[in-house]
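The structure appears below as structure tokens.
The values are calculated or read from the model by the stated rules, or taken from the named source; none is laboratory data. As the structure is a prediction and not an experimental result, all values here were calculated from the model. Here Cβ is always computed from backbone atoms with ideal geometry, including for glycine, and neighbour counts include all displayed protein chains. Accessible surface areas use protein heavy atoms only, side chains included; no ligands, DNA or RNA. Shrake-Rupley method; radii C 1.70, N 1.55, O 1.52, S 1.80 Å.
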Amino acid sequence: MRLENKVALVTGASRGIGRAIALAYAREGADLVINYAKSADEADSVVKEVKQLGRRAIAVKADVSDDAAINAMTAATVKEFGRIDVLVNNAGVGVVSPSISMEISAWRKCIDILLTGVFACSQTAAKEMIKQGGGKIVNISSVNGMTGIPERAAYCSAKAGVINLTRVLGAEWARYNIRVNTICPGFTKTEMVGNLIARGLYHEDDLLGMIPLNRLGKPEDMGGAAVFLASDESDFITGQTIVIDGGWLSYGYLESYLKRTRK
Ligand code: NAP
């Protein structure tokens, strides 16, 4: 197994991409901390799924925009498992708003969760990783961090920030034997995207028309790269970004958005 006896903390692991990564890690032999902010029942059922795979797991509630909660989550991880080998910064929210009318408080909240939260969780976990001689950090950014999508100013800015934060920390923490890399999922069928489709903010046909591989991503599509970046196989890789999007970025643009909004 590729993560035998490693301890992994996955933020936002109560469903979607975080859950899929947690289960992929458990299948490769890792023990898990399943973080969530609100969805205690969902987090508990992921803990059960991990245990059914023969690994240990606990659920830990912590909002990644709350510094004290992050410290408590890290402490709970170390108390339960003695170490943190892998941190996956996955927790996130979808924020869509016309930039002209977006409340500054909504901008700040988005940046707090999606960018400052990644930094704060990384810093806190890195202090433990340094004590134990190293570790792996896997950030979940987005294709929205690599291109400009209308009405997603805060989300796109935060996700772009994560990509460059990855480069900085990859270079800076190499001396501590900590690797930092990022996965950029494309449009993936989770509650987040389902809600945006239900609200008419995305149109599934438009999305499929922009994805060469002709389907939305599945949360499980992120598991392979996440395992690779957490395992010894990626020991000479740091500061990098892997895009998993069915070809969207190499092709895509929001053609239908322009059609709908042009006078
Ligand atoms: P999701 O199904 O909505 O799941 C989001 C997870 O994050 C949940 O476990 C949620 O738990 C947790 N969460 C939300 N706010 C939190 C906070 N402040 N503190 C701690 N946990 C929090 O979303 P997803 O689609 O799997 O997205 C996961 C990550 O992938 C996000 O960073 C997202 O931006 C990124 N991403 C998604 C897509 C996509 O198409 N789905 C594409 C690119 C990137 P609670 O319910 O307990 O809050």
What accessible area, in Å² to the nearest ten, does a 1.4 Å probe give for Ser39?
30 Å²
Overall dimensions of region 6-65 as given by Cα atoms, namely Rg and Dmax in Å:
9.9, 32
Gain on full stretching of the segment that runs from Ala72 to Ser45 - 0.36 nm per residue minus C-alpha separation:
7.5 nm
Once you keep just the Cα pairs under 8 angstrom separated by 6 or more residues, what percentage relative contact order results for the chain?
19 percent
So what is the relative contact order for region 1-102, in percent, with contacts set as C-alpha pairs under 8 Å and at least six apart?
31 percent
Links that overshoot a 20 Å alpha carbon limit, given the list Lys38/Lys109; Lys61/Lys159; Lys109/Lys159
Lys61/Lys159
By average Cβ neighbour count within 10 Å, what is the ranking of 3-15, 195-207 from highest down?
3-15, 195-207
For region 160-258, the Cα-Cα pair-distance distribution in 5 Å bins from 0, as whole percents, is 2, 12, 18, 19, 17, 13, 9, 6, 3, 0
Which order do the peptides 115-126, 179-190 come out in when sorted by mean C-beta neighbours inside 10 angstrom, highest first?
179-190, 115-126
Whole number please: convex hull volume per residue of the Cα set in region 152-198, in Å³?
82 Å³
Please list, ordered by chain and number, the residues whose modelled amide H lies under 5 Å from the amide H of Gln240; skip anything fewer than 5 residues away on the same chain.
Thr182
Whole-Hz ³J(HN,Hα) for each residue in region 4-20, computed from phi via Karplus 6.51 cos²θ - 1.76 cosθ + 1.60 with θ = phi - 60°, x for glycine and proline: what do you get?
3, 6, 7, 10, 10, 10, 10, 7, x, 9, 6, 6, x, 5, x, 4, 4
Whole number in Å², please: accessible area per residue of region 91-207, 1.4 Å probe, ligands, DNA and RNA not counted.
43 Å²
When N is the residue count of region 23-146, what does its C-alpha Rg come to as a fraction of 2.2 N^0.38 Å?
1.14
Report the extension gain between Arg215 and Arg83 in nm, rounded to one decimal, defined as 0.36 nm multiplied by the number of residues separating them, less their alpha carbon distance.
43.7 nm
Within the under-14-Å Cβ sphere about Val168, not counting Val168, Lys/Arg +1 and Asp/Glu -1 give a net charge of +2
Please list, by residue number, every one of the GluC sites (Glu not before Pro) in region 42-123 that is coil in DSSP and has at most 10 other beta-carbon atoms within 10 Å.
Glu103
Which of the lysines could a cross-linker bridge to Lys51, judged by Cα under 17 Å and excluding same-chain residues fewer than eight apart?
Lys6
Could you grab the relative contact order for region 46-97? Cα pairs under 8 Å, six or more apart, rounded to a whole percent.
18 percent
With no solvent and one equal point scatterer placed on each C-alpha of the chain, evaluate the Debye formula and give log10 I(q)/I(0) for q = 0.15, 0.16 Å⁻¹, two decimals.
-1.05, -1.20
With a 1.4 Å probe and all protein chains kept in place, how do Trp248, Trp107 rank by accessible area, largest first?
Trp107, Trp248
Quick one: Cα centre-to-centre distance for region 113-163 and region 1-61, in angstrom?
19 Å
³J(HN,Hα), Karplus 6.51/-1.76/1.60, whole Hz, each residue of region 116-131, x for Gly, Pro:
5, x, 5, 5, 5, 5, 5, 4, 5, 5, 4, 4, 6, 4, 4, 4
Work through the residues other than Ala69 whose Cβ is under 11 Å from its Cβ and net out their charges, Lys, Arg +1 and Asp, Glu -1.
-2
